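Heads up, the thing below is written out as structure tokens.
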Amino acid sequence: MNFENERELLQNASSEKLRVLRRDALDILTDAVEAVDPYAATKNSLEIIDGRLLFCGGEFDLRQLERIFVVGGGKASGSMAEAVEELLGDRIVEGRVNVLRGTEGSFDLKKIIPYGAGHPVPDEGAVKGVDRMLLLMSCAKADDLFIFLVSGGGSALMTKPAEGVKLMDLRTLTDSLLMSGATINELNAVRKHLSAIKGGLMAKKAYPAKILSLIMSDVVGDPLDTIASGLTAPDNTTFGDAMRILKRYGLWEVAPSNVRDRLEKGLRGETEETPKPGDSIFEKVNNVIVGSNLMAALAAVEKAKSLGYNSMLLSTRIEGEARHAGIVLAGIAQEVLATGRPMEPPAALIAGGETTVTVTGSGSGGRNQELALGAALKIEGLNVVLATLATDGIDGPTEAAGALSDGSTLARAQSRGLDAMDFLYDNDSYGFFSTLGDALITGPTGTNVNDLTVILISE
């Protein structure tokens, strides 16, 4: 991963001490994202020894498999497919993966065909790719193996509306939930009950074949039923949950009639529920996490230590409103300088997770940029740098991956006539940081394991 505007980010430092902190923060984030490279993570999770395909928790005797197919989707699925194809080669009969539109020509693949699809709002490209995967599954046999490649972004990139639900219905509802501040768990609970493949239904489509799902997690806590809306995992949510979520955010009455009709039928038992834990279709399913936010965060801690910082992983489960999370993290930085707790400076605090933004303004931004803006309000005048990004390189509907704020951010903004609070209340964090030249620009990274925040503190 490279920061396209690294020179500008370093030049924006108002002191040599802040320049060093900025440089180190960028280096730490780079190491962290590279630690969850999907190609390496996938390749390291598989091994062939004496005709057996080994993976964490099990193995398959390749000599007893009739055919191997590869399917799946997500922002990292193209690189994951490269790793699987390199390992298994001609043993793979055929494969299809849905990747982020515009990246489909970036992968060196022969057996597995990548299809471009939209994100975060699903489109026809996603549906067409899934239809081709389902065609492969329609002839699944007990001695076949389907290798699923699942990563962040899979909920949108792997889309197949349930009967009676239109793609436009899903697009409208997804957009409304994203704007409302719903968590990824809530969003996916709704998606699963409006889908023909999510919530374990993809595993049902492949039955009776064997399944190995290799998963790059982009969900806090790595719940298998939520990552990419749980394509091959049992679903713990219900039609009733989906309905309550829409009502919680005031979306039930404005939801498309097709959506309300399906959820009401499900609640009455007229539409079959998603497969639940204990269902026999999961007896031949192996779900393996190959990359996660924790792996990236631990790599960040080790890099910070190598740079001479007292380092600590605060949590990989940071959630809630982004601006509030930024204020809390800034408060911990203040505590380090005031009392030396939880550690003496120079200190590096690492946090991961995924916050949300309830959009009430008309500006442009993302959760990481809003977190950085919230933090900027509380670190003014301090030798503190907070750099935060989405590990996929895409923070909201902007070109930025995230943003960097430090003890001089507010002063620099004021010198340009920018009022940070005005930008915060307008949800215009991108407008704020892009004007200052402190938006982090990486382009798509090819991976996706939630968000990472690095806080560096010096006396």
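The values are calculated or read from the model by the stated rules, or taken from the named source; none is laboratory data. What you see is a predicted model; the values in this text were computed from it and never measured. Every residue, glycine as well, gets a Cβ built from its backbone with ideal geometry; the counts of neighbours run over all protein chains shown.
Worth a mention:
- So residue 349, is it aliphatic (A, V, I, L, M) and touching an Asp or Glu at 6+ places or on another chain (Cβ under 8 Å): no
- All conditions in (1) touching a residue at least 60 places away in the same chain (Cβ under 8 Å); (2) in contact with a strand residue (DSSP E or B) (Cβ under 7 Å, 6 or more places away or on another chain) hold for residue 233, with the sole exception of (1).
- Residue check for residue 204: among the charged types (D, E, K, R) and either in contact with a helix residue (DSSP H, G or I) (Cβ under 7 Å, 6 or more places away or on another chain) or not in a loop (DSSP other than H, G, I, E, B) (or both): yes
- Helices (runs of 4 or more DSSP H) fully within segment 119-192 counting 2 or more residues that are within 30 Å of residue 64 (Cα to Cα): 124-137
- Selection of segment 187-221 for residues being in contact (Cβ under 8 Å) with a residue 60 or more places away in the chain and among the hydroxyl-bearing types (Ser, Thr, Tyr) yields 207, 213, 217.
- The listed residue being closer than 20 Å to residue 401 by Cβ and either polar (S, T, N, Q) or buried (at least 18 other Cβ atoms within 10 Å of the Cβ) (or both), out of 46, 26, 18, 10: 26
- Residue tally, condition touching a residue at least 40 places away in the same chain (Cβ under 8 Å) and either surrounded by 20 or more Cβ atoms within 10 Å (Cβ to Cβ) or assigned to a loop (DSSP other than H, G, I, E, B) (or both), over segment 315-329: 8
- Boolean, residue 287 is polar (S, T, N, Q) and farther than 25 Å from residue 54 by Cα: no
- Residues considered: 217, 176, 195, 213. Of these, the only one that is crowded, with 23+ Cβ neighbours inside 10 Å, under 17 Å from residue 263 (Cβ atoms) and of a type outside the set (Phe, Trp, Tyr) is 195.
- Considering segment 283-297, and only residues there that are farther than 17 Å from residue 42 by Cα and touching a residue at least 60 places away in the same chain (Cβ under 8 Å), the residue that is surrounded by the fewest Cβ atoms within 10 Å (Cβ to Cβ) turns out to be 284.
- Helices (runs of 4 or more DSSP H) completely within segment 213-314 that count 1 or more residues being polar (S, T, N, Q), over 30 Å from residue 452 (Cα atoms) and not assigned by TED's automatic domain parsing to the domain that holds residue 447: 257-267
- Considering segment 60-93, and only residues there that are surrounded by 15 or more Cβ atoms within 10 Å (Cβ to Cβ) and charged (D, E, K, R), the residue that is nearest to residue 136 (Cα to Cα) turns out to be 67.
- Unique match (being of a type in the set (D, E, K, R), assigned to a helix (DSSP H, G or I), outside the structural domain of residue 412 (by TED's automatic domain parsing) and within 30 Å of residue 144 (Cβ to Cβ)) among 59, 82: 82
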